[in-house]
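A.B. asks: Got a structure for you, written out below as structure tokens; questions coming shortly.
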Amino acid sequence: MDRKLINIIKSESTRFSNFLNDRLDNYVLEFINLLENQTSLYLFSGIIRDYFINLNDNSSFDIEIRDVDLVYDGQIQIESILNGHDYEINSFGGYKVKIGNYDIDIWNLHDTWGLKKQNLSYEKNSVNYLPKSTFFNFSSILYSFHDKEFIVGDPFVQFYKNKEVDFVYKENPYPELCIVNSIYYSMKRNLKLSENLTTYLMELYKEIDRKKLQAIQIKHFKEVKINAEDFDLFFKEINSNTSIT
């Protein structure tokens, strides 16, 4: 564990809090405050990833936020809080809430897929295990609204250090989305994919139904961002040992 890098990452907590207050709609901030007052609330995934990817070139505050991923640890009447909002329940028991132009995904910590799969959902201080249950290493970090600080997993430290995308816990309910997101992030954010990850993606690609790759994009992005030719080219380059950046 690189303690120096962890301290550098955690030193961004105050600036990240200001970033959220600056970038999120007041209605979203009010909703977050309502949840925070009733339970232990954490932010994870995309916003934190993009903040740190753009940090070194001072463009973090130019990030457009449309998706907010939250996880809470506690017993609350979540549907009473959501009453009056446009929301739906997904197949894994999480909630997707629409507030203005924002999509907010909310999960009970103990219902998160990776923790349940690893039988860690009811371990003491199980929130500390959540960074070990993500697919991507750049998702291995949480932000605690109560403590106003990051909970940093070792995989995120490695990502921050070398800017190379790798997997942490490769079992995933949506392997086709793992393929799509890996290629999308490597193309859009110019991120290198690790050898371990590209090998695993090739294994998935050989077995996956190609129609699922299109369907998952429409469900996730509301459009097809990567066509069949791009997928084939991507994996052809891997096979020929071409560097993917």
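A.B. asks: Whole-Hz Karplus ³J(HN,Hα) for segment 71-82, in order, using 6.51 cos²θ - 1.76 cosθ + 1.60 and θ = phi - 60°, x for Gly and Pro?
C.D. replies: Using θ = phi - 60°, the values come out as 9, 10, 10, x, 9, 9, 8, 4, 6, 5, 6, 7 Hz.
A.B. asks: Moving on to the next point. If R0 is 22 Å, what FRET efficiency do you get for Asp103 and Ser40 from their C-beta distance, rounded to 0.05?
C.D. replies: Working: r = 22 Å, r/R0 = 1.01.
It comes out at approximately 0.50.
A.B. asks: Across every pair of different alpha-carbon atoms, what Kirkwood hydrodynamic radius in Å does segment 79-224 reach?
C.D. replies: For segment 79-224, inverting the mean 1/r across all distinct Cα pairs yields 16.9 Å.
A.B. asks: List the residues whose amide H sits under 5 Å from the amide H of Asn54, counting only those 5 or more places along or on another chain, with H placed 1.01 Å from N in the peptide plane.
C.D. replies: none
A.B. asks: May I pose another question? Percent antiparallel among DSSP beta bridges with both residues in the chain, to the nearest 5?
C.D. replies: Counting only bridges with both partners in the chain, antiparallel ones make up about 75 percent.
A.B. asks: Right, next: Using the beta-carbon distance between Lys192 and Gln77 and R0 = 35 Å, what value does 1/(1 + (r/R0)^6) give for FRET efficiency, to the nearest 0.05? Can you show the working numbers first?
C.D. replies: On the way: r = 45 Å, r/R0 = 1.28.
It comes to 0.20.
A.B. asks: Any chance you could run the full-extension gain for Leu55 through Val224? It's 0.36 nm times the residue separation minus the Cα-Cα distance, nm to one decimal.
C.D. replies: Values: separation 169, 0.36 × 169 = 60.84 nm, distance 2.87 nm.
Gain on extension, Leu55 to Val224, equals 58.0 nm.
A.B. asks: Which length gain, in nm to one decimal place, applies between Lys124 and Ala215 when the Cα-Cα distance is subtracted from 0.36 nm times their residue separation?
C.D. replies: Value of the extension gain: 28.9 nm.
A.B. asks: Could I ask something else about it? At 0.36 nm per residue, minus the direct Cα-Cα distance, what do Asp25 and Lys10 gain on full extension? Give it in nm, one decimal, please.
C.D. replies: Gain on extension, Asp25 to Lys10, equals 2.9 nm.
A.B. asks: Along each of the three principal axes of the Cα atoms of the chain, give the extent in whole Å, ordering the values from largest to smallest.
C.D. replies: Computed over the chain, the largest-to-smallest principal extents equal 53, 41, 37 Å.
A.B. asks: Between Glu207 and Lys236, what is the label-to-label distance in nm when each label sits 7 Å out along the Cα-to-Cβ direction?
C.D. replies: 2.6 nm
A.B. asks: Using the structure shown, list the pairs from Lys117/Lys161; Lys10/Lys117; Lys161/Lys206; Lys192/Lys236; Lys4/Lys161 with a Cα-Cα distance above 20 Å, or answer none.
C.D. replies: With Cα atoms farther than 20 Å apart: Lys117/Lys161; Lys10/Lys117; Lys161/Lys206.
A.B. asks: Something else now. Report the chymotrypsin sites (Phe, Trp or Tyr not before Pro) located in segment 92-125 that are in a DSSP loop and have at most 15 other Cβ atoms inside 10 Å of their Cβ, or state none.
C.D. replies: Here the chymotrypsin sites (Phe, Trp or Tyr not before Pro) that fit, given the DSSP loop and packing criteria, are Phe92, Tyr122.
A.B. asks: Further question: Report the net charge of residues surrounding Asn18, where surrounding means a beta-carbon distance below 13 angstrom and charges are Lys +1, Arg +1, Asp -1, Glu -1.
C.D. replies: Result for the neighbourhood of Asn18: +1.
A.B. asks: Given H placed 1.01 Å from N in the peptide plane, which residues other than close sequence neighbours of Val165 have an amide H under 5 Å from its amide H?
C.D. replies: Long-range HN contacts for Val165: Lys192, Leu193, Ser194.
A.B. asks: Provide the per-residue ³J(HN,Hα) series for segment 195-203, in order, calculated from phi with Karplus coefficients 6.51, -1.76, 1.60 and θ = phi - 60°, each as a whole number of Hz, with x at glycine and proline positions.
C.D. replies: With the stated coefficients, segment 195-203 comes to 4, 4, 5, 5, 5, 5, 4, 4, 4 Hz.
A.B. asks: Using the beta-carbon distance between Asn33 and Lys170 and R0 = 30 Å, what value does 1/(1 + (r/R0)^6) give for FRET efficiency, to the nearest 0.05?
C.D. replies: Working: r = 36 Å, r/R0 = 1.20.
So, using R0 = 30 Å, E works out to roughly 0.25.
A.B. asks: Scan segment 44-150 for GluC sites (Glu not before Pro) in coil per DSSP, keeping those whose Cβ has at most 13 other Cβ atoms within 10 Å, and list them by number.
C.D. replies: Glu64, Glu123
Laboratory data are not the source of any read-out in this text; all were calculated from the coordinates shown. For clarity, every value in this text was computed on a predicted model and none was experimentally measured. Positions of Cβ are generated from backbone atoms using ideal geometry, with glycine treated the same way; all protein chains shown enter the neighbour counts.
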